[in-house]
Amino acid sequence: MDITLHFCQGNLRSKKFYDAKYDGLVDTIFQLPFSGFFMEFDDEKYCNFSLLEKRQGQKIVLGLVNTQSDELEDKEVLLKRI
């Protein structure tokens, strides 16, 4: 059985509950006893994919589409982010 953890900044009426980067947390996050993580990487602030190299065999599901705005993101912007 896989046990995972979802990191979410919240999305109540398109408002975030907190605003923090993964940079200072990633070493601690990947030492938590979970098989995988669901992580938001939906804007330039969080799209530092090199942080994922620090994982210790965990599976990662990336949230790449921004749900914090009511505007539909351009397909090319999403592809560039990926």
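Consider Phe30 against the criteria (1) in contact with a Lys or Arg (Cβ under 7 Å, 6 or more places away or on another chain); (2) exposed (fewer than 15 other Cβ atoms within 10 Å of the Cβ): it satisfies all of them except one. Which criterion is unmet?
Failed condition: (2).
Which of the residues spanning the range 12-28 are closer than 17 Å to Gly63 by Cα and either modelled with pLDDT of 90 or more or of a type in the set (D, E, K, R) (or both)? Can you show your working first?
The first filter runs over the range 12-28 and keeps only residues closer than 17 Å to Gly63 by Cα, leaving 12, 14-23, 26.
Lys15, Lys16, Asp19, Lys21, Asp23 - these are the residues of the range 12-28 that are closer than 17 Å to Gly63 by Cα and either modelled with pLDDT of 90 or more or of a type in the set (D, E, K, R) (or both).
Could you tell me which residue of the range 1-11 is most open to solvent (accessible area, probe 1.4 Å), considering only residues that are at pLDDT 75 or above and part of a loop (DSSP other than H, G, I, E, B)? Full working, then the answer.
Of all residues in the range 1-11, those at pLDDT 75 or above come to 1-7.
Okay, now just the ones that are also part of a loop (DSSP other than H, G, I, E, B), so 1-3.
Details: Met1: 204, Asp2: 92, Ile3: 89 Å².
Across the range 1-11, the extreme among qualifying residues is Met1.
Could you tell me which of the residues Leu51, Leu62 is under 25 Å from Ile3 (Cβ atoms) and either assigned to a helix (DSSP H, G or I) or at pLDDT below 80 (or both)?
Leu51
Just one of the numbered conditions (1) under 16 Å from the mean Cα position of the chain (by Cα); (2) surrounded by fewer than 10 Cβ atoms within 10 Å (Cβ to Cβ) is not true of Asp70; which one?
(1)
The values are calculated or read from the model by the stated rules, or taken from the named source; none is laboratory data. Quick caveat: nothing in here was measured; it's all calculated off a predicted structure. Positions of Cβ are generated from backbone atoms using ideal geometry, with glycine treated the same way; all protein chains shown enter the neighbour counts. Surface areas here come from the heavy atoms of the whole protein model, side chains and all, with no ligands, DNA or RNA. Shrake-Rupley method; radii C 1.70, N 1.55, O 1.52, S 1.80 Å.
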